[in-house]
Each structure stands twice: as structure tokens, then as C-alpha cells.
Amino acid sequence: MSDYYSQENHGPFELIDIGDLNLEEGGQIPNCKLAVSIFGTLNAAKDNAILIPTWYSGTNKIMEQVYLGEGRALDPAKYFIIIVNQIGNGLSTSPSNAEGELSGAGFPYVRIGDDVRAQYKLLTEHFGLESLALVVGGSMGAQQTYEWAVRYPEFVKRAAPIAGTAKNSEHDFIFAETLAEAIMTDPNFNAGNYASAESVADGLKRHAKLWTVMGWSTDFFAANRHKALDFESMRAFVDEFMTGYFAPMDPNNLLRMLWKWQRADVSRHTAGDLAAALGRVQARTYVMPISHDMFFPPSDALEDQKQVTNSEFRPLHSIDGHLGLFGTDPAMLEQLDSYLGELLRS
């Protein structure tokens, strides 16, 4: 297993064994382990718990660094905050750390619903929770947020999907497909049986370039925002920041998360009827797209919001686009804190 997925880089987190997890696609993950990072204290009424699921490639560490803090909306002094790493991200049970026939390319296909069922088991059996004050997540975390609100409507009191939709679009499906192909067409990928993640460096670099093109907006490029992030040239930004970010990650981990992202769809609960699925949501919900997001655009998020009772549309303005989720735009984070604070007070 790569040293990248370590306590030193992403801790502190605790590995909690939730037992065997039967998967929607068939098969099972025996002794499935979730990597969990906890902040704050659960109150006596057990009504101050907040769940934050992670996004594609992300771990608990970036969520902690970007979104939590004293005096902020997600304040550990007020709330019991549980960040759960999604299955396949390298910290929870994943291709890179599984053993035997589940390791590497043999890792099973996991759906968003599997993650949420695993998290529900964790919260109810390990922490003894009966409700959540808030579920909030960005991108794939937003997909999990919607799944939570639809699958367990009475459990979730408030929901805040950020930069994500309840059903993945065809555009997103193809984008994720190109990301996967960038990795898989590396000659050293060898159908997932590569010698090391480092040997697939060319594929990971192509993958990083695609993220550069789509993750940031055209206005980000026009405004030379890379200079505000302390990179003298766009080439340095691509090579040092974007490629540097993805280079140490395990290709099979990324591919299993991509497969999951592509198939996110809460309407699976209602025979393909998205309106019926979103009609199940009871949580007070703020739908928060990012204004310049090129693959979860505000127009798509608005269509979701219109179908959720007791919801409001709260777009976040940032020319950084989808990867503004990284916390690169302080003004956007101020908007986000304002909306989350408002939602938590409601």
C-alpha cells in the first residue's frame, strides 16, 4: 500500500470495522472498514451530530482543513462532526489496502448506496445515533447527501448538497469515462495489475490534465487565477499542483470511485422516477451549486431543488468552478459558511 494513504498525510482517523457489507451489485466486502475522523463532542440529547462524506479523491483531511473551524458554521465546539471516507478512497476499505482476491483489480464495484448503508450502520450501531442534524458534502459527497436524504428521510434533519446532483448526468458520465480512459490506456496499467502506482505516472498525468480543463472554469483561466494561487505559469500549475495532487494516488482506487460517481442516481429507489425519489426528502435542504461549475452546473442543481419540499436554492459564486471545493476562493467559503449557519439555525 502506498505511503500516501497514511496517518501522517491524512490523519488523525480511526479505522472502524462495520462487519460484512453486502453490495448492491452483488458480492460482499468482508469486515468492511471505514476510516472516520471525529471532531467535537456528542451532546446528551444526541442531536448535534453532523455527517460529512468525502468526494472523489478526497479524504477527511481536506474536509477538516477547508470546512471546519472555531467560529465557523461547522464548529467542533458546537457540533459532533463525523467525517467518513468513502469506500475505495484509499483510507476506508479500498483496492489499495484490501487483501486476497479483493485487492487491486479484483476489488468489487461499489455504489453510492453501499456507502450510505455502511455509514448508517456506523452511525447507528457504533455511535448510537438516531438522527443527524445535518448531512453536508461536495461533489460525490453531495451525491451521498442526496442518497442519505432519500434513503433515510426521517434520520436526516437537514441536508446540504454542494456542487453535486441527485442523478448523474450523461455529460458527467462521459467526462468520468474520459478520466478512466486516461488512466487505463497507460501501457503500464496492465488491466489494473500494475507493478506500482508510480508506474502509471503517464496515465495519472493525463487524468490530472483533464481535471485541469474541466475542474476549473474558463473564467478561471481568463483571469489568470493560477497566479493568485502562487503559480507563475499555467504549466507550473498543471505540473506542480494538479499532477502533483493526483500522482501519488492509486489508479484502481480512482477507477472504482469513478465507476461509483458515474452511476449515482437516487431514482433507483423509485423505478427511475426522480421526482418521486426527491419527493421522499423530509430534511430542510439547501441546494448549493457553484456558479461556474462545468459539470454540475447550477441549472441542473436547480431542477433537483424544485423537486425537494422544504428546500431553498443557494448558489455559491466563484469563477474557480468545481474545484473551488478545494478552498481556493475565500469569498466562496464565506458564502458557504453563511448559508450553512443559516440552515443550522433553521
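The values are calculated or read from the model by the stated rules, or taken from the named source; none is laboratory data. Note that the structure is a prediction, hence the values are computed from the model and not measured. In this analysis, Cβ positions are derived from the backbone assuming ideal geometry, glycine residues included, and neighbour counts consider all displayed protein chains. Surface accessibility is based on the protein's heavy atoms, side chains included, excluding ligands, DNA and RNA. Shrake-Rupley method; radii C 1.70, N 1.55, O 1.52, S 1.80 Å.
Selection of the stretch 1-31 for residues being in contact with a Cys (Cβ under 8 Å, 6 or more places away or on another chain) and not hydrophobic (A, V, I, L, M, F, W, C) yields D17, G19, D20.
Filtered by the rule that a residue be part of a helix (DSSP H, G or I) and within 19 Å of the chain's Cα centre (by Cα), the stretch 122-141 gives L122, L123, M140, G141. In the set (1) touching a Pro at 6+ places or on another chain (Cβ under 9 Å); (2) closer than 24 Å to I87 by Cα; (3) among the aliphatic types (A, V, I, L, M), the condition left unmet by V287 is number (2). If you go through the stretch 113-132 and pick out every residue that is open to solvent by 10 Å² or more (accessible area, probe 1.4 Å) and of a type outside the set (F, W, Y), you end up with 8.
Kindly evaluate P95 against the criterion of being more than 14 Å from L21 (Cβ to Cβ) and assigned to a loop (DSSP other than H, G, I, E, B). Spell out how you get there, then give the answer.
Working: more than 14 Å from L21 (Cβ to Cβ): yes; assigned to a loop (DSSP other than H, G, I, E, B): yes.
So P95 passes the test.
For the stretch 242-301, the helices (runs of 4 or more DSSP H) that sit wholly inside it and include 2 or more residues that are in contact with a Leu (Cβ under 9 Å, 6 or more places away or on another chain) and at pLDDT 95 or above are 243-246, 251-262.
For the stretch 46-86, the candidate set comprises residues that are charged (D, E, K, R) and open to solvent by 20 Å² or more (accessible area, probe 1.4 Å); within that set, the residue that is nearest to I16 (Cα to Cα) is K61.
Close Cβ contacts (under 9 Å, 6 or more residues apart or on different chains) running from residues in the stretch 329-340 that are modelled with pLDDT of 95 or more to residues that are surrounded by fewer than 20 Cβ atoms within 10 Å (Cβ to Cβ) and part of a helix (DSSP H, G or I) comprise L333/V66.
The number of residues in the stretch 145-173 that are assigned to a helix (DSSP H, G or I) and either open to solvent by 10 Å² or more (accessible area, probe 1.4 Å) or farther than 22 Å from S318 by Cβ (or both) comes to 8. So, in the stretch 308-346, of the ones that are acidic (D, E) and open to solvent by 30 Å² or more (accessible area, probe 1.4 Å), which residue ends up farthest from K209 (Cα to Cα)? Filtering first and then ranking leaves E342. Among the residues of the stretch 20-37, those identified as buried (at least 18 other Cβ atoms within 10 Å of the Cβ) and more than 19 Å from A264 (Cα to Cα) are I29, C32, K33, L34, A35, V36, S37.
Among the residues of the stretch 174-188, the one identified as of a type in the set (D, E, K, R) and part of a loop (DSSP other than H, G, I, E, B) is D186. The set of residues from the stretch 122-170 being of a type in the set (S, T, N, Q), free of Cβ contacts under 8 Å to residues at least 40 places away in the same chain and touching a helix residue (DSSP H, G or I) at 6+ places or on another chain (Cβ under 7 Å) is empty.
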